[in-house]
1. If I model a spin label at Phe138 and Ser52 as a point 7 Å from the Cα along the Cα→Cβ vector, what separation in nanometres do I get?
2. Name the residue farthest towards the positive end of the dipole of region 3-342 from the options Ile330, Leu17, Gly198, assuming +1 on Cβ of Lys and Arg, -1 on Cβ of Asp and Glu, about the Cα centre.
3. Dividing the Cα convex hull volume of region 573-705 by residue count, how many Å³ per residue is that?
4. Straight distance only, please: which lysines reach the Cα of Lys568 with their own Cα at less than 18 Å, same-chain residues fewer than 8 apart left out?
5. Using a cut-off of 27 Å between alpha-carbon atoms, which lysines can reach Lys24, once sequence neighbours fewer than 8 places away in the same chain are excluded?
6. Would you mind ranking Glu462, Glu649 so that the residue whose beta carbon has the fewest other beta carbons within 10 Å leads the list?
7. Among the lysines, select those whose C-alpha is under 21 Å from the C-alpha of Lys458, and discard any that sit fewer than 8 residues away in the same chain.
8. Consider the candidate values (i) 182; (ii) 211; (iii) 230; state which one is volume of the Cα convex hull per residue in Å³ computed from the structure displayed.
Amino acid sequence: MSESLIRLRYRLWPDHLVGEILSKRWTETAIPAIVLIIVAVALSRAIPGFLSAAGLADTARQACEIGFCVLGMSLVIIVGGIDLSIGSMFALTDFCALYCLDVLNWPVWGVIPVTLVAGALLGAVNGVLVGYFRLRAFITTLITLIVYRAAYDLLIFGHSNQIAAAFPDIPSWNFLGGGGIFGIPSIVLVYAAIALFGHVFLTRLRPGWHIVAIGGSRRSAFNSGIPVRRTIALCYIASGFLTALGALFFAARLGTVGGDIGVGLEVTVLTAAILGGISLGGGKGSVAKAMIGTLIVLLITNGLTTLSAPGGVNRMVLAAILLIAAMIDIRWVKNRTRIISKVYVSPTYHAMPPIPSTAAGNGTPLALNDRLRDVSEIAVGRIEAPEDIILDGEDNLYAGSRHGDIIRFFPPDYERMEVYAHIGGQPLGMAFDRAGTLYACIGGMGLYRITRNHQVEKATDETNRSLRSVNDDSRLRLADDLDIADDGRVFFSEATVRYEMDEWPVDGLEARGNGRIICYDPRNGTTRTVLRGLKFPNGVSIAKDRQSILFAETWGCTVKRYWFAGPKAGRVEIVLENLPGYPDNINPASDGNYWLALVGMRCPALDLAWRMPGFRRRMAKRLPIDEWLFPNINTGCVIKFDEQGRILESLWDLGGVNHPMITSMREHRGYLYLGGIMNNRIGRYRLPNADPDFVQYDRRWRTAA
């Protein structure tokens, strides 16, 4: 396939969206919803008037009666159990309601709580046996199914005639069975309230999180201090309560205690739960899934009944659906992560121009040298991963550590050190504002600041979400460098919106525009995205005109300028392109120009791989990450350039001993300080002919004429 076709294919078909869509939890609900729509359309075409207004009202009442049971079953499955006794509990609580009303002549306000308490007590038997005595849920509820059904058969043998002979005409009871408000059946209103509470309970309240955690890993939940046994018992009690609520409305609608009440209901309910997407393995499920599964099963059973299918066909169809849904659930849960990983990582076509020559003695500013070979070293072995370094007006040196600390070294020899602040994440880019507050990009956490009295404060960890993004890109994943404008606004880069701090090589494998530039305004606390679609942006630096920023696109091997104020506001221009390496941090030089770190050097093999997305996809699938093609990170390089895009000089460490993989540099009082995220030291290089009074901290160069 020609490169033109490859380029066109990856431009027109955004296949990475497939992985993003599959990784969303809502897709697990969307699939049953699509099935529901297909079933409804098919039955409406096969059966005239199947979805008429009158038919829908009756279907809604039946759906809610079964739906209460499905909610109870779903809760038990999510916590890691199963309840096969639901059909028998439904029959017993139906009998309880009608016996109290028709035989004992209790008022409706007394029948309702007694029926609900009876259901809760029946569920409590299962809860105590499964939760506290730790019996197997399947066997336990199978036994209680038999016991409860036997009790029901004995009760109706002596009282079914009394109940059948009664014809209570009680308005409140009739309202439960067939009444409504503004045309909406009463049971639908109650079900909607219960479903809404259930959604909030599972997704927003701590007890709901405990239920999901127990279903996901009971041992881990126990080790985390969650009351596992009590929570399981309460879930079974809630299942009995909800089953009794469905039976209460059923009793009010039909008023019967026939011998077939509740028979096979557990199969119907279990099928609805699994078909809706409630995972049999526990730990996953939602109210929406339970509702959708209920509607699918009810439409199918009602449709078969309307088509005069024998009862055996109904049960066979439900059994087949349950078997298929269980197989899909088991296979999906087992392979979901593997399937998503295959389609989520999606390299794209990325062509690079020929690598510019850096041959020694070629007469260009990029010619290889070894000027950084003999730099002095600071804090060797006492700091790890100083990705960025910065100095204040008193010559104190600050550097981040992979242990989550910002370390301060004291002049003149920088031997004495202290933990200036402990943040917890990996500190990356840093900058001081005019008040002496230190701002830092923290990988995986966002933008933070450290006051002069060492107080750590979160500035922001989210920005406005892109309406065109399937991925939730509002949360900051990898903020990596920043600088501060004269009015206090903080412009910082986020390298990728798709991957976390430790997954940045995967973003490089894709070579997509996953990064952005963000602006945080401390005056009103707002955060907004100003540029999107950048290829691993990095190295933000306020330009001399104080109306624009310079930033690097690492995978694009370019440096660009973005105007945030002035007559060119909103424009983006290229300053440097086709660099011999991958640019990282940018910082000002004392002569009005800029220093730029090259975090790794280009090589022909990797440049060729950029143009072969299929090759990179196979590499990601078949090889461990440490065997992927990578830039040459053993050669350190810093270049100086001006605003016209001219490279003025370069500093190389060819041996890869002192400072390979340089990620940042700062000029301060005639020295160039070097940082590297893979290094265990800070370098200091004496700059010939540099201004010994230049201090970045006071930003004098920005206000110069």
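Here, each number is a calculation from the coordinates, and none is a lab measurement. Values in this document were obtained by computation on a predicted structure and should not be read as measured data. All Cβ positions, even for glycine, are placed from backbone atoms using ideal geometry, and neighbour counts span all protein chains on display.
1. For Phe138 paired with Ser52, the spin-label model returns 4.5 nm.
2. Leu17
3. Working: hull volume 18.5 nm³, N = 133.
Output value, Cα hull per residue: 139 Å³.
4. Reachable lysines: Lys544, Lys560.
5. Straight-line reach from Lys24, under 27 Å: Lys284, Lys289, Lys334, Lys342, Lys535, Lys621.
6. In order of increasing Cβ crowding within 10 Å: Glu462, Glu649.
7. none
8. Comparing each candidate, only (ii) matches the computed number.
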